[in-house]
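The values are calculated or read from the model by the stated rules, or taken from the named source; none is laboratory data. Quick caveat: nothing in here was measured; it's all calculated off a predicted structure. Here the Cβ is made from the backbone with ideal geometry for all residues, glycine too, and neighbour counts use every protein chain on show. Areas reflect the complete protein model, heavy atoms only, side chains present, ligands, DNA and RNA absent. Shrake-Rupley method; radii C 1.70, N 1.55, O 1.52, S 1.80 Å.
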Amino acid sequence: MNRHLLILIFITLFSPSFVAASSETDDLIIWADDVRLIQQVDLFQGQASLEPLNETTARIVWTSREAKHSQRDQLRRSPFILAIEPDVERSIDTLNDTYYDKQWAIQEMNFESVWSMPYDQRPTTVAVIDSGADLAHEDLQRAFVNDGQNIVEPDQPVYDANGHGTNIAGLIAAEANNARGIAGVAHSYPVRVLPLQIMNRFPTTKVSSIVQAIDVAIAERVDVINLSLGGTKPSIAEEKAIMKAREAGIIVVASAGNDALKGNPLNYPAAYEGVIAVGATTPERERAPFSNYHPYVTVSAPGTGLWTTHPNDTYRIVQGTSFSTPLVSATIAMMKSVRPSLTEHEIVQLLERSSIDLGSPGRDDSFGYGLLDARLAVHHAANDSFDRRLFIASPTVDLQRPHETNEQWTDETGATHFFMRSGQSKRIATRPGTTWFASSSSVVTVPMINETLLIAKTASKTVLTAQTASTKKRYVVHVTNSPSDATTFAHTSLEGPVRWTSSSPDVASIDANGLITAYRPGTTTIAVSNGVERVEQRLTVHGETDESLAAIEWTMLQPKRPDEPVTITWNEPIPDEHQVASFLHVASDETLWNEVDVSIRKISPYRLEIHPATTWNDQRLYARIQPFHSTNDQLLEREESFQFSIMK
């Protein structure tokens with residue numbers, strides 16, 4: 001039985017200024033299984049070498065440009081391919097203009113008051129994914145948790161050929177009261193920097209290096225990741241790596257971007273859901289002219305005329321959202337130092353409570369919640385209480401009343417939640433002049449103006465923001481692959497990456513998006529956890545199981561692609577898929593002489609997903625289930641055939 005792999009391929013695009021000999025041949029691949037499995041599948045016909053980056057991501061280097069283009073088209077036709085995207089470039093978010101020659105940000109953000117706060121502290125680490133660091137700098141001798149790792153030159157130690165990473169490290173953790181240089185804003189707390197070098201003397205890098213660095217940060221169990229870089233093109237690889245870090249409890253902070261005067265494009269990774277995006281302010285508490293302004297901006301910090309460390313025991317005045325970002329990263333590290341249990345959602349709440357409102361009243365695109373006050377942030381972190389509850393829209397699910405899914409609800413923040421199934425579309429009517437922003441366009445298409453068709457793509461969650469000149473509204477779209485007759489949604493104040501479980505999945509299961517599917521009468525405990533907190537709630541399923549159902553029934557699907565899986569639903573718990581494989585037969589004729597090679601995946605206690613080994617080549621296919629003993633020792637008495645159509 002073949003294991004189903006999901007593969008993403010990325011075609012490298014280098015900046016014309018820094019073209020290397022292999023610039024046209026470096027590709028990046030992602031799949032949803034162990035990276036070693038793909039090495040057993042000859043997808044490249046000897047025309048490329050595979051370089052694993054982590055367990056789900058790898059880069060391939062083609063032997064020639066011609067090989068890449070011919071193989072790329074073939075891979076696009078493969079049933080294993082999920083998407084194709086470039087290994088996009090990221091550059092440092094920095095400018096060279098000078099405003100002031102003193103550390104005005106320390107007074108502006110109230111850091112001096114933080115240094116004397118009488119709270120217990122535990123060590124915290126900020127991973128600075130950047131150009132490296134000058135480990136021997138006179139003002140950084142106590143700044144680093146260890147010597148870090150050189151991602152771009154694995155055989156070399158960490159160094160800093162352009163100075164940007166050393167600038168970031170100094171703002172966070174430069175030593176104070178040592179008669180030289182500057183004072184890092186977190187110097188009095190046990191906050192240390194992990195330098196992860198993803199660039200050399202050129203101020204650019206690739207998503208593939210960022211993915212590797214994030215993986216190292218997760219392995220090192222850092223508390224905060226600082227990404228003072230960005231680019232205008234999103235990347236599935238980068239977004240998935242950041243999601244993995246967030247699921248590990250790491251707070252990801254990124255610069256909002258410096259292109260406000262160049263069209264104000266979206267800047268990634270700052271624009272991804274769950275990333276704390278930082279804008280830049282001036283001493284006059286205005287938005288720095290270069291600082292990008294978008295719905296994704298979370299908070300602002302000083303970003304002009306900042307003194308910091310530079311390689312070779314020197315110092316420099318810098319500006320840009322690159323340097324606003326470590327001021328926020330350092331503040332969050334101190335917040336986690338005094339209260340390690342803080343979740344991502346709670347930290348965002350505290351940033352809102354601790355920011356000085358600037359610009360339009362309330363949150364706005366220019367400043368986010370406003371200028372962060374570090375003293376208030378650490379104080380609230382140590383003292384505030386939080387609402388940590390699990391919500392289920394209906395405490396019961398009724399098997400006799402299908403389609404009871406709560407289509408829409410409003411959470412405590414005022415955001416409207418609704419769910420869609422993969423492939424489903426909704427027509428959205430909006431006012432003229434409305435602009436839309438999606439935290440993840442790979443989940444749903446982004447509406448533009450007026451009446452627009454919203455199409456769900458992949459099972460996940462994304463935040464849509466609709467904005468007019470006077471109003472703003474947030475919509476949280478949950479996309480699921482689990483159609484069901486009796487369903488409801490659970491949601492929770494434990495926002496951010498969470499894990500859902502059901503104590504009795506044969507009664508009701510729950511997927512990663514909080515969709516509960518009921519199967520039989522009974523009770524189960526639904527639980528949600530973010531790695532720090534766990535809350536539970538009992539769920540009751542009413543009604544009776546319909547005994548007239550066949551032992552198995554096809555869900556009538558019309559796949560859009562010849563490789564789209566077919567789902568079948570049973571009326572009692574399914575045994576292990578490897579046991580099912582011995583009695584499930586799919587063929588192109590009713591006699592089952594011409595069997596089709598398939599792979600089977602169990603997606604719930606009552607549901608199987610069948611994938612073709614290559615593609616569904618025939619218009620009509622037949623499936624037969626031979627009699628077998630089920631897990632509760634009841635014999636399925638009859639042999640049945642089922643017919644379904646595949647759309648070419």
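Observations on the model:
- Just one of the numbered conditions (1) open to solvent by less than 10 Å² (accessible area, probe 1.4 Å); (2) under 30 Å from TRP115 (Cβ atoms); (3) not aliphatic (A, V, I, L, M) is not true of ARG192: (1).
- Identity of the residue in segment 247-256, in contact with a helix residue (DSSP H, G or I) (Cβ under 6 Å, 6 or more places away or on another chain) and touching a residue at least 60 places away in the same chain (Cβ under 8 Å), that ends up most open to solvent (accessible area, probe 1.4 Å): ALA248
- Test: residue in segment 440-450 that is of a type outside the set (A, V, I, L, M) and modelled with pLDDT of 75 or more: no
- Among the conditions (1) open to solvent by 40 Å² or more (accessible area, probe 1.4 Å); (2) modelled with pLDDT under 95; (3) touching a strand residue (DSSP E or B) at 6+ places or on another chain (Cβ under 8 Å); (4) not aliphatic (A, V, I, L, M), ASP387 misses just one, which is (3).
- Residue within segment 272-293 that is in a strand (DSSP E or B), touching a Ser or Thr at 6+ places or on another chain (Cβ under 8 Å) and of a type in the set (Phe, Trp, Tyr) present: no
Here's the yes/no breakdown for (1) touching a residue at least 60 places away in the same chain (Cβ under 8 Å); (2) not polar (S, T, N, Q):
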residue	(1), (2)
THR331	yes, no
MET335	no, yes
HIS345	yes, yes
LEU351	yes, yes
SER354	no, no
SER360	no, no
LEU376	yes, yes
HIS379	yes, yes
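- Check on ALA213, touching a His at 6+ places or on another chain (Cβ under 8 Å), open to solvent by less than 10 Å² (accessible area, probe 1.4 Å), at pLDDT 95 or above and of a type outside the set (Ser, Thr, Tyr): no
- Where ALA280 falls short, out of the listed (1) within 23 Å of MET109 (Cα to Cα); (2) surrounded by fewer than 19 Cβ atoms within 10 Å (Cβ to Cβ): (2)
- Of all residues in segment 489-531 being more than 30 Å from ASP223 (Cβ to Cβ) and free of Cβ contacts under 8 Å to residues at least 60 places away in the same chain, the one that is surrounded by the most Cβ atoms within 10 Å (Cβ to Cβ): THR524
- Filtering segment 492-510 to residues that are touching a Phe, Trp or Tyr at 6+ places or on another chain (Cβ under 9 Å) and at pLDDT below 80 leaves SER493, ASP506.
- Checked against (1) open to solvent by less than 40 Å² (accessible area, probe 1.4 Å); (2) without any contact (Cβ under 8 Å) to a residue 24 or more places away in the chain; (3) of a type in the set (S, T, N, Q), SER300 passes all but condition (2).
- Segment 216-246 - residue that is among the β-branched types (Val, Ile, Thr) and crowded, with 22+ Cβ neighbours inside 10 Å and, of those, nearest to MET199 (Cα to Cα): ILE225
- In segment 335-384, the residues that are surrounded by 21 or more Cβ atoms within 10 Å (Cβ to Cβ), over 28 Å from SER529 (Cα atoms) and of a type in the set (D, E, K, R): ASP365, ASP373
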